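Novice: I have a structure here, written as structure tokens, and I will follow up with some questions on it.
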Amino acid sequence: MKTKRFTADQVEEAAEILKNGGLLGIPTETVYGLGANGLDAAAVGHIFEAKGRPQDNPLILHIPSALWLERYCDHIPAAAYALARRFWPGPLTMILEHKDIVPDAVTAGLATVGMRCPSHPVCRAIIQAADLPVAAPSGNTSGRPSPTNMADMLEDMDGKIDGIVDGGPCSVGVESTIIDLTVTPPRLLRPGGVTLEELREVLGEVAVDEAVTRLMAAGEHPRAPGMKYRHYAPKAPVTVVRGAPEQSARYIREHLEEGDGVICFAEFLPLFEGYPTESMGPASDQAEQARRVFDALRYFDGTDVQRIWAQGPDPTGIGLAVSNRLNKAAGFHIVEV
Ligand code: TXA
Ligand code: MG
């Protein structure tokens, strides 16, 4: 199949692909997504094939506003509307009970569905033009780092999808925050663009699912099925070194061997001269770290690096999402210094 490239002003044409049951790469503010008509089970099935995604891992639906929640969800709590008022459109996915109209192909047979209202203007224009809820996982091959620009998505999906729309680089860079509103207290299933601190301002108590902070053992079932997979992983094994930036940098320098690569904060680049190194931006700039983390992980797949060392970021604010993605890439192989 030839994958058609669309510019941001060809949204109407691109949306036809969704209406006709095809697969479309869509830019969002978080990461690029692999979209299909969320009411068309056959189209949704093709998403799983293109990604090589396990069938038990449900998809989320992208809608243009909170007004669409009632079309697809039942027993919507007031908290959902409170969150929508504060964070939508934006990088937040809410888990809610779904109505029968949502196909099992989307929910993997669960009683709940993830709902997200993205803020990227091109994404919003695509959804409006298609006039459909768009089912879309991140646009990577299953297990690889999520794509944060069109070129990264084409690396995985060229020839496997009908089209892709170029919306430029993603402004957030890590996937949406997932909050489960079907349990009390609400539970953070995946940290992302909306921070835990911000969620607590609106919801009060928020529990943090164990899958966010530790490796799930074989046979364990985290509430977000996708959190159980080794994920975001480059081909070479990753070790995260957690601690004050000066100390983690020094630890990595002392343990560095021929064939190793490093993901470090910008100020420590000179320390690793001569080794393949990717910067995550300054230690103090968490937003930049979020935008850089997936690209940094992806970079090493084009090299012959045997091991990757990564400085662990400060896990507050959006740093919780960045450190979660790095820890997962490392299979939670973490050194504390
Ligand atoms: O930012 C994002 O959320 C991106 C962009 C494209 O919107 N999408 C994305 O989708 O990250 P995906 O499929 O890569 O990740 C969705 C996660 C998976 O871990 C999945 O298991 C979980 O959401 N999930 C989906 N439906 C769920 C449900 N009903 N209950 C619990 N977890 C669910
Ligand atoms: Mg994903």
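Read the figures in this text as sums done on the coordinates, not as results from a lab. The shown structure was predicted, so the numbers you read here are calculated from the model rather than taken from an experiment. All Cβ positions, even for glycine, are placed from backbone atoms using ideal geometry, and neighbour counts span all protein chains on display.
Novice: Karplus couplings for the range 294-311 from phi (6.51 cos²θ - 1.76 cosθ + 1.60, θ = phi - 60°), rounded to Hz, Gly and Pro as x?
Specialist: Result, rounded to whole Hz: 5, 5, 4, 5, 5, 3, 5, 5, x, 10, 9, 4, 8, 9, 10, 9, 9, 6.
Novice: Beyond a 23 Å Cα-Cα separation, which of these cross-linked pairs lie in this structure: LYS4/LYS328; LYS4/LYS99; LYS2/LYS235; LYS51/LYS228? The partial results should precede the final answer.
Specialist: Details: LYS4/LYS328 33 Å; LYS4/LYS99 34 Å; LYS2/LYS235 27 Å; LYS51/LYS228 17 Å.
Going by Cα-Cα distance, LYS4/LYS328; LYS4/LYS99; LYS2/LYS235 fall outside the 23 Å limit.
Novice: Then there's this: Most mobile of GLU201, GLU175, GLU29 per a Gaussian network model of the chain (Cα springs, under 10 Å)?
Specialist: GLU201
Novice: Within the range 304-332, whose backbone N sits under 16 Å from a point 7 Å along Cα→Cβ of ARG200?
Specialist: Only 315-321 pass the distance filter.
Novice: How much length is gained on full extension from GLU273 to GLU155, taking 0.36 nm per residue of separation minus their Cα-Cα distance? Before the final figure, lay out the partial values.
Specialist: Details: separation 118, 0.36 × 118 = 42.48 nm, distance 2.80 nm.
Residue separation times 0.36 nm, minus the Cα-Cα distance, leaves 39.7 nm.
Novice: While we're looking at this one, here's another question. Sort GLU258, GLU210 so the one with the fewest other Cβ atoms within 10 Å of its own Cβ comes first. Can you show the working numbers first?
Specialist: Numbers: GLU258 7, GLU210 13.
Ranking GLU258, GLU210 by Cβ neighbours within 10 Å, fewest first, gives GLU258, GLU210.
Novice: How long is the gain from GLN128 to ALA8 if the chain were fully straight, where each residue apart is worth 0.36 nm and the alpha carbon distance is subtracted?
Specialist: Numbers: separation 120, 0.36 × 120 = 43.20 nm, distance 1.38 nm.
Length difference between fully extended and current span is 41.8 nm.
Novice: Show that you can apply the helix-only estimate: for the chain, add -39,500 (n - 2.57) for every DSSP H stretch of four or more residues, divide by all residues, and state [θ] at 222 nm to the nearest 500. If you can, show how the numbers build up before the last one.
Specialist: Details: 11 runs with 100 residues, N = 337.
Estimated from H runs of four or more residues: -8500 deg cm²/dmol.
Novice: When the Karplus curve 6.51 cos²θ - 1.76 cosθ + 1.60 is applied with θ = phi - 60°, which whole-Hz ³J(HN,Hα) does each residue of the range 145-151 get, with x for Gly and Pro?
Specialist: x, 5, x, 10, 7, 5, 4
Novice: Let me test this: with uniform point scatterers at the alpha carbons of the range 196-241, what is the Debye-based log₁₀ I(q)/I(0) at q = 0.18, 0.29 1/Å?
Specialist: Here the Debye-derived log intensity ratios amount to -0.74, -1.06.
Novice: For the pair GLU257 and GLU210, how long in nm is the line joining their label points, each one 7 Å along Cα→Cβ?
Specialist: A separation of 3.4 nm, rounded to one decimal place.
Novice: Report the full-extension gain for the segment GLU16 to ASP104: residue separation times 0.36 nm, less the Cα-Cα distance, to one decimal in nm.
Specialist: Values: separation 88, 0.36 × 88 = 31.68 nm, distance 2.37 nm.
29.3 nm is the gain from fully extending GLU16 to ASP104.
Novice: OK, next. Starting with the fewest neighbours, write out VAL31, VAL202, VAL102 ranked by other beta-carbon atoms found within 10 Å of each beta-carbon. Each step should come with its number before you reach the end.
Specialist: On the way: VAL31 28, VAL202 16, VAL102 22.
So the residues, fewest neighbours to most, are VAL202, VAL102, VAL31.
Novice: Okay, next question. Pull up the cross-link candidates among the aspartates and glutamates for LYS160, meaning alpha carbon to alpha carbon under 13 Å and not fewer than 8 places away within one chain.
Specialist: LYS160 reaches GLU49.
Novice: With charges set only on the Cβ (+1 for Lys and Arg, -1 for Asp and Glu), what does the dipole of the range 1-121 come to about its Cα centre, in debye to the nearest 20? Display every interim value, and only then the final one.
Specialist: Numbers: 11 positive and 13 negative charges, 64 e Å.
Approximately 300 debye in magnitude.
Novice: Output wanted: per-residue J couplings in Hz (rounded whole) for the range 220-227, from phi through Karplus 6.51 cos²θ - 1.76 cosθ + 1.60, θ = phi - 60°, x for Gly and Pro.
Specialist: Result, ordered by residue: 7, 10, x, 5, 9, x, x, 6 Hz.
Novice: Let me ask something additional. If a/c stays under 1.5 just call it rounded; otherwise compare a/b with b/c (prolate if a/b is bigger, oblate if not). Do that for the range 1-91, with a ≥ b ≥ c from the square roots of the Cα gyration tensor eigenvalues. Could the numbers behind the result be given before it?
Specialist: Values: a/c = 2.04, a/b = 1.48, b/c = 1.38.
Verdict is prolate for the range 1-91.
Novice: Placing +1 at every Lys and Arg Cβ and -1 at every Asp and Glu Cβ, with all other atoms neutral, what dipole size does the chain have around its Cα centre, in debye to the nearest 20? Before the final figure, lay out the partial values.
Specialist: Numbers: 31 positive and 44 negative charges, 84 e Å.
For this selection, approximately 400 debye.
Novice: Here is a further query. Quick one: Kirkwood hydrodynamic radius for the range 4-212, alpha-carbon pairs, angstrom, one decimal?
Specialist: Numbers: mean 1/r = 0.0597 Å⁻¹.
So the Kirkwood estimate lands at 16.8 Å.
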